[in-house]
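Here the structure comes first, spelled out in structure tokens, and everything after it is commentary.
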Amino acid sequence: MIKIYHNPRCSKSREALAMVEQYCRHYEMSLEIIEYMETPQTQAQLAELLEQLGAPAGTMVRENEDEYKAMGLSQADDETVLKAIAACPRLLQRPIVVYRGKAVIARPPEKLHDFLR
């Protein structure tokens, strides 16, 4: 199964979703689409996602959002960043694709070519 954290308003997220849907059809796999703006993730869920990314929490956050600056997240530790994303889901970088226990921020969507191999 493949999971995608998706925002349908984002063109890059829609591109990545189309690529993942095609991959799933080709390999007859199931796909879970999580529209994280409608279904915000808890801090624990975000911590698990961060572990799958294998990167600092700062990579999960959208730095160009007003809330990023307002919350002073530029020097925040991972726990603070995860709390902020849980409280304000628009801060979550998108799209994020999870497959085989690993995750990737598919921005640009072409990152999926190597990830899905």
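The values are calculated or read from the model by the stated rules, or taken from the named source; none is laboratory data. Everything quoted here is computed from the prediction, not taken from an experiment. Positions of Cβ are backbone-derived with ideal geometry, glycine not excepted, and every protein chain shown enters the neighbour counts.
Here are some notes:
- Among the candidates Leu73, Leu112, Leu91, residue that is touching a Phe, Trp or Tyr at 6+ places or on another chain (Cβ under 7 Å), surrounded by 15 or more Cβ atoms within 10 Å (Cβ to Cβ) and not aromatic (Phe, Trp, Tyr): Leu91
- Residues (aliphatic (A, V, I, L, M) and surrounded by 15 or more Cβ atoms within 10 Å (Cβ to Cβ)) located in segment 34-48: Ile34, Met37, Leu46, Ala47
- Selected residue (only one of Glu15, Glu51 is surrounded by 14 or more Cβ atoms within 10 Å (Cβ to Cβ), farther than 13 Å from Lys3 by Cβ and of a type in the set (Asp, Glu)): Glu15
- Matching residues in segment 20-30 - criterion: being of a type outside the set (D, E, K, R) and not in a loop (DSSP other than H, G, I, E, B): Val20, Gln22, Tyr23, Cys24, His26, Tyr27
- Test result for Glu79, loosely packed, with under 12 Cβ neighbours inside 10 Å and acidic (Asp, Glu): yes
- Figure legend. Inter-residue proximity from segment 106-117: first residues among the small types (Gly, Ala, Ser), second residues buried (at least 17 other Cβ atoms within 10 Å of the Cβ) and assigned to a helix (DSSP H, G or I), beta-carbon distance below 7 Å, spacing 6+ or different chains. Indicated pairs: Ala106/Ala16; Ala106/Leu112.
- So Leu17, is it in a helix (DSSP H, G or I) and touching a strand residue (DSSP E or B) at 6+ places or on another chain (Cβ under 7 Å): yes
- Where a residue in segment 1-13 is modelled with pLDDT of 95 or more and its partner, wherever it lies, is among the aromatic types (Phe, Trp, Tyr) and in a loop (DSSP other than H, G, I, E, B), with Cβ under 9 Å and at least six apart: Tyr5/Tyr36; His6/Tyr36; Asn7/Tyr36
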